[in-house]
1. Quick test for you: out of A:186, A:171, A:159, A:130, pick the one residue that is closer than 18 Å to residue A:79 by Cβ, assigned to a strand (DSSP E or B) and more than 20 Å from the chain's Cα centre (by Cα).
2. Of everything in segment A:165-182 that's surrounded by fewer than 14 Cβ atoms within 10 Å (Cβ to Cβ) and more than 9 Å from every other protein chain (Cβ to nearest Cβ), which residue is farthest from residue A:97 (Cα to Cα)?
3. What's the number of the only condition in (1) at pLDDT 85 or above; (2) assigned to a helix (DSSP H, G or I) that residue B:387 fails to meet?
4. Tell me, please, whether a residue that is outside any strand (DSSP E or B), modelled with pLDDT under 75 and buried (at least 16 other Cβ atoms within 10 Å of the Cβ) can be found in segment B:224-239.
5. Against the definition (touching a helix residue (DSSP H, G or I) at 6+ places or on another chain (Cβ under 9 Å), more than 9 Å from every other protein chain (Cβ to nearest Cβ) and more than 18 Å from residue A:64 (Cβ to Cβ)), how does residue A:144 come out, yes or no?
6. What number goes with the only condition from (1) more than 15 Å from the chain's Cα centre (by Cα); (2) in contact (Cβ under 8 Å) with a residue 40 or more places away in the chain; (3) more than 23 Å from residue A:182 (Cβ to Cβ) that residue A:145 does not pass?
7. Quick check, is residue A:91 surrounded by 17 or more Cβ atoms within 10 Å (Cβ to Cβ), at positive phi, over 16 Å from the mean Cα position of the chain (by Cα) and within 12 Å of chain B (Cβ to nearest Cβ)?
8. Of the residues that sit in segment A:72-81 and are more than 8 Å from chain B (Cβ to nearest Cβ) and surrounded by fewer than 20 Cβ atoms within 10 Å (Cβ to Cβ), which one is nearest to the chain's Cα centre (by Cα)?
């Protein structure tokens, strides 16, 4: 008699157990997804080491350009001969450095085609990215200044000096075409707010 | 008492020496240094030629440079080994006791990059280095060997014909050897370069060899690649080159030519010609093979990524190749030794920090930052305007021709 009762109760018990297991699995899955979203992943803490820049990207200006190292000739910083390229002054900090400032410069070409022809349209708050072999450093524009040749020379230590700057980015090109040459420089200063390792890009 | 006086005198002298040493100018010391030489050739008979060395030093406040960091291939005049290509040699020495250098050679069209970030050159085509011409004019028919191993009776029977056979072979060999003139040994170079960096403690360097190989051009213009050089060579990697493949090709060619020629030379002694021909030819070719034996050994002694280190300093040479003495009998031409891309960094040491009371204030401290940025151009011609104009003209011409044909057809109709 007892056997009959037990046999009769088995299907509802099994169904209840299966239902309970199913519910537990669903709750666990939801909890794991939520934890994955909320819990910071370990790889986010991976830092991109400082490195020579390979590419400059100005998403707001739809501009991307290859970066090559350049050197100072006396006190003159001359961008690469190819106006489509950007020059990184090797005497300045590498992108990602904790100290100094990364200085890059590119040509503005009056008839068009220069790597930084659109720089006079950049605005405060826009994003500027520097790509190295190990990842991307994201910057946000803090200021856009137009300085005469004399003003630039007077403020050279502030703009290019390597004893300050905590790794900020300095982008510079020419502006104010007077019909035969350029009268001023446009100087963009941007601070780094994030870095993306290469495999996370 | 006397001892005390001597001790006091010594103490005073030591103190005076310390004061004198501390007063010596700290700026005289070299804080950092580096140098680079793109190409060096040692030429048989006419001596060495190189692109000069670009050397920089920094005394803690300013960088001084000697030589040129814009070398020209035309400066290597009076040699036939290399005529075109892009040379690079650059170096930097910084105030913070770091230095860097890079140097190398690439084909025309390569882009030069400043020292400090590894490579000096990017892109560009290949350039050929004429390492040596091959000279086989010393090959000889050795008469005493020709009839060795033959039956005594046969040798006796052949005696009247020996001079005739030997003269025939010598006559046949001379034009065949002449035909080998023009064989040359070349090194085909992509971008071959070295770079180094040093700080106040350590120095390191590396070399890259892109698309490079050693080859022989045999008569007729065929190119036989002897060895492809590795792109990223290990430190002091040796590369072996021998000409065994070339020797085989030469002997094969000679066998064919001599066989055809001997048919005529030996016709007066027709009854034994086949056996004799085989015997004489084999003996001759064996003799020639022995004479060519030095070519089976290494012809070029090549070391890639040669590194010479000392504490805090390094010298890296991307490619160092010598024509070995073993092959000298067959290797003519001008080149005896070539080095490509020699970069040296360090040793560096930080400038000693001195405490100076009330340092004088400089009115105009030397600028180490840019004060002028020349980042503007009026126009840039990359050739596209010309191409667009040409295409436009062609389109206009085509349209004109089309319209003319159309009108002509209408009139005929």
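The values are calculated or read from the model by the stated rules, or taken from the named source; none is laboratory data. Since we're looking at a predicted model, the values are computed, not measured. Here Cβ is always computed from backbone atoms with ideal geometry, including for glycine, and neighbour counts include all displayed protein chains.
1. The conditions single out A:186.
2. A:179
3. (1)
4. The answer is no; no qualifying residue exists.
5. It is true that residue A:144 is touching a helix residue (DSSP H, G or I) at 6+ places or on another chain (Cβ under 9 Å), more than 9 Å from every other protein chain (Cβ to nearest Cβ) and more than 18 Å from residue A:64 (Cβ to Cβ).
6. (3)
7. Considered against the rule, which asks whether it is surrounded by 17 or more Cβ atoms within 10 Å (Cβ to Cβ), at positive phi, over 16 Å from the mean Cα position of the chain (by Cα) and within 12 Å of chain B (Cβ to nearest Cβ), residue A:91 comes out as no.
8. Among residues in segment A:72-81 that are more than 8 Å from chain B (Cβ to nearest Cβ) and surrounded by fewer than 20 Cβ atoms within 10 Å (Cβ to Cβ), the one nearest to the chain's Cα centre (by Cα) is A:81.
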